[in-house]
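Asker: Below you will find the structure I want to go over with you.
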Amino acid sequence: YDTAYFGKWHLDGFHERNGRAAMHIIPPERRGGFRHWVGYENNNSQYDCWVHGGEGKDAFHYRLPEYETDALTGMLVDYIRGHKEEAFFAVLSVQPPHNPYIAPAETRRGYNAGSIRLRPNVPPVKSVEEQARRGLAGYYAMIENLDMNVGRVQQALEEAGIDRRTHVFFFSDHGDMHGSHGHYMKTSPYEESIRIPCILGGEGITYDGRRGGRHPVPFNHVDFAPTSLGLCGIDAPEWMEGTDYSGCRLASRPLPKEMPDSAFIQSVIPTMHGHSIDRPWRGIVTTDGWKYVCLPGVPWLMFNLNEDPYEFVNLAYNTVHRVMRKKLQDRLARWIAETGDEFPLPEV
């Protein structure tokens with residue numbers, strides 16, 4: 001397989017207090033082993049996005065000539081056209097949709113803050129509603145732009161004649177609160193922040209040994225590696241963490257022998273950015289519809305998502321539910337132990 005990566009990296013540990021991350025050059029040995037790599041550590045300015053790559057006399061660092069998502073998608077499209085005769089693994093990692101909520105004029109003009117419909121759990125507080133509407137107007141315009149660029153990728157695969165033999169993952173690393181519960185942006189364990197899309201498409205037609213539809217599995221970041229291998233007919237090595245869900249897509253692949261009963265969620269080191277949770281937390285979301293989250297030494301949130309999908313009723317301190325709270329905390333404790341994590345759980 002040839003390998004390529006385009007876009008946001010954000011894995012090199014550079015702190016903005018030391019300068020602008022877009023100007024930080026990631027050493028070649030810390031670029032994940034991709035054969036082709038054009039990226040940046042972090043950048044929150046979609047029209048002033050700088051990328052770098054190469055090494056030695058072939059090193060480069062330049063400002064993208066257009067909106068970030070458009071420019072980076074163009075790189076992937078060119079890569080597809082140049083590699084249609086060989087197997088490849090390619091990643092496109094764009095920052096939008098993300099604050100600041102700035103989108104190209106052609107999509108931005110379609111969204112008016114005053115007409116935005118808010119989620120039911122956005123409190124009826126004027127300042128909260130106004131900020132949520134302003135943010136969402138730009139956010140939705142960014143999503144439309146991203147959708148158009150996904151179409152460009154799909155069209156490139158079709159024109160190259162490889163769309164029926166290319167698996168396509170579409171996912172995000174976090175959501176955005178946009179006023180729900182009075183919160184904004186990320187690092188929150190509420191649904192708006194953590195319940196993100198993970199869509200697997202492309203390749204063969206649905207009825208030709210392919211499984212479609214929704215699968216209620218707790219897919220998490222550690223599952224991408226084993227699932228990607230499984231889609232290529234390769235079993236994950238024993239040392240690799242995560243679950244191979246390729247059987248949810250390919251009838252020729254086995255389903256997991258034991259489906260995970262929950263997903264482990266965590267915020268290890270608070271970013272201390274405005275509108276973010278300013279202390280660490282750990283939690284779980286279970287396949288039977290419960291969520292439980294703790295701050296250090298203190299229960300914080302507990303929701304029955306089956307009957308309360310918007311998380312209005314916090315059951316963490318209700319003794320009626322103490323048996324379930326103990327069950328959820330015991331499972332959370334096992335996740336912490338199994339992953340080598342350290343976190344002071346409360347007494348319950």
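Asker: Count, please, the residues in the stretch 276-303 that happen to be touching a helix residue (DSSP H, G or I) at 6+ places or on another chain (Cβ under 9 Å) and closer than 25 Å to TYR184 by Cβ.
Answerer: Pass one, the stretch 276-303, residues touching a helix residue (DSSP H, G or I) at 6+ places or on another chain (Cβ under 9 Å): 282-286, 290-294, 299, 302-303.
Subsequent filtering for residues that are closer than 25 Å to TYR184 by Cβ retains 282-285, 291-294, 299, 302-303.
Selection size over the stretch 276-303: 11.
Asker: As an exercise: evaluate ASP208 against (1) of a type in the set (Asp, Glu); (2) out of contact with any helix residue (DSSP H, G or I) (no Cβ under 6 Å at 6 or more places or on another chain); (3) surrounded by 19 or more Cβ atoms within 10 Å (Cβ to Cβ) and give the number of the one condition it does not meet.
Answerer: The one condition ASP208 does not meet is (3).
Asker: Give the residues of the stretch 117-127 that are within 24 Å of the chain's Cα centre (by Cα) and surrounded by 10 or more Cβ atoms within 10 Å (Cβ to Cβ), sorted by residue number.
Answerer: LEU118, ARG119, ASN121, VAL122, listed by residue number.
Asker: Please specify each residue of the stretch 169-193 satisfying the condition of being at pLDDT below 95 and either outside the structural domain of PRO218 (by TED's automatic domain parsing) or aliphatic (A, V, I, L, M) (or both).
Answerer: Correct list: MET185 only.
Asker: Kindly provide the set of residues from the stretch 106-123 that are in contact with a helix residue (DSSP H, G or I) (Cβ under 7 Å, 6 or more places away or on another chain) and assigned to a loop (DSSP other than H, G, I, E, B), ordered by number.
Answerer: Listed by number, the residues that qualify are GLY110, TYR111, ASN112, ILE116, LEU118, ARG119, ASN121, VAL122, PRO123.
Asker: Still on this structure, I have one more. Please verify whether the stretch 100-112 includes one or more residues that are under 16 Å from ILE143 (Cβ atoms), more than 24 Å from the chain's Cα centre (by Cα) and among the polar types (S, T, N, Q).
Answerer: Within the stretch 100-112, one or more residues are under 16 Å from ILE143 (Cβ atoms), more than 24 Å from the chain's Cα centre (by Cα) and among the polar types (S, T, N, Q).
Asker: May I pose another question? Somewhere in the stretch 73-82, is a residue buried (at least 20 other Cβ atoms within 10 Å of the Cβ), under 20 Å from the mean Cα position of the chain (by Cα) and farther than 26 Å from ALA156 by Cβ?
Answerer: The answer is no; no qualifying residue exists.
Asker: Of all residues in the stretch 83-97, count the ones that are in a strand (DSSP E or B) and either surrounded by fewer than 19 Cβ atoms within 10 Å (Cβ to Cβ) or not assigned by TED's automatic domain parsing to the domain that holds PRO197 (or both). So that I can check it myself, show each step before the final result.
Answerer: Step one: of the stretch 83-97, the residues in a strand (DSSP E or B) are 88-93.
Those left that are additionally either surrounded by fewer than 19 Cβ atoms within 10 Å (Cβ to Cβ) or not assigned by TED's automatic domain parsing to the domain that holds PRO197 (or both): 88-89, 91, 93.
So the answer is 4.
Asker: Pick from HIS174, HIS167: which is within 24 Å of ILE265 (Cα to Cα) and not aromatic (Phe, Trp, Tyr)? Can you show your working first?
Answerer: Working: HIS167 fails: within 24 Å of ILE265 (Cα to Cα).
The conditions single out HIS174.
Asker: Checking the conditions here, which among GLU241, GLU203, GLU191 is surrounded by 14 or more Cβ atoms within 10 Å (Cβ to Cβ), acidic (Asp, Glu) and over 20 Å from PRO309 (Cβ atoms)? Walk me through how you get there before you give the answer.
Answerer: On the way: GLU241 fails: surrounded by 14 or more Cβ atoms within 10 Å (Cβ to Cβ); GLU191 fails: over 20 Å from PRO309 (Cβ atoms).
When all the criteria are applied, what remains is GLU203.
Asker: Of all residues in the stretch 247-292, count the ones that are small (Gly, Ala, Ser) and more than 19 Å from the chain's Cα centre (by Cα). Talk me through it step by step, then tell me what you get.
Answerer: Taking the stretch 247-292 as the starting set, the residues that turn out to be small (Gly, Ala, Ser) are 247, 251-252, 262-263, 267, 274, 276, 283, 289.
So of that shortlist, the ones also more than 19 Å from the chain's Cα centre (by Cα) come out as 247, 251-252, 274, 289.
Here the count works out to 5.
Asker: Quick one: count up the residues across the stretch 1-43 that are free of Cβ contacts under 8 Å to residues at least 40 places away in the same chain and on the phi > 0 side of the Ramachandran plot.
Answerer: 5
Asker: Further question on the same structure: So GLY289 passes all but one of these: (1) in contact (Cβ under 8 Å) with a residue 40 or more places away in the chain; (2) touching a Leu at 6+ places or on another chain (Cβ under 9 Å). Which condition number does it fail?
Answerer: (1)
Asker: For GLN46, only one of the following conditions fails: (1) crowded, with 20+ Cβ neighbours inside 10 Å; (2) on the phi > 0 side of the Ramachandran plot. What is its number?
Answerer: GLN46 satisfies all of (1) crowded, with 20+ Cβ neighbours inside 10 Å; (2) on the phi > 0 side of the Ramachandran plot except (2).
The values are calculated or read from the model by the stated rules, or taken from the named source; none is laboratory data. Only a predicted model underlies this, so the values are computations on that prediction, with no experimental measurement involved. Every residue, glycine among them, receives a Cβ derived from its backbone with ideal geometry; neighbour counts consider all protein chains shown.
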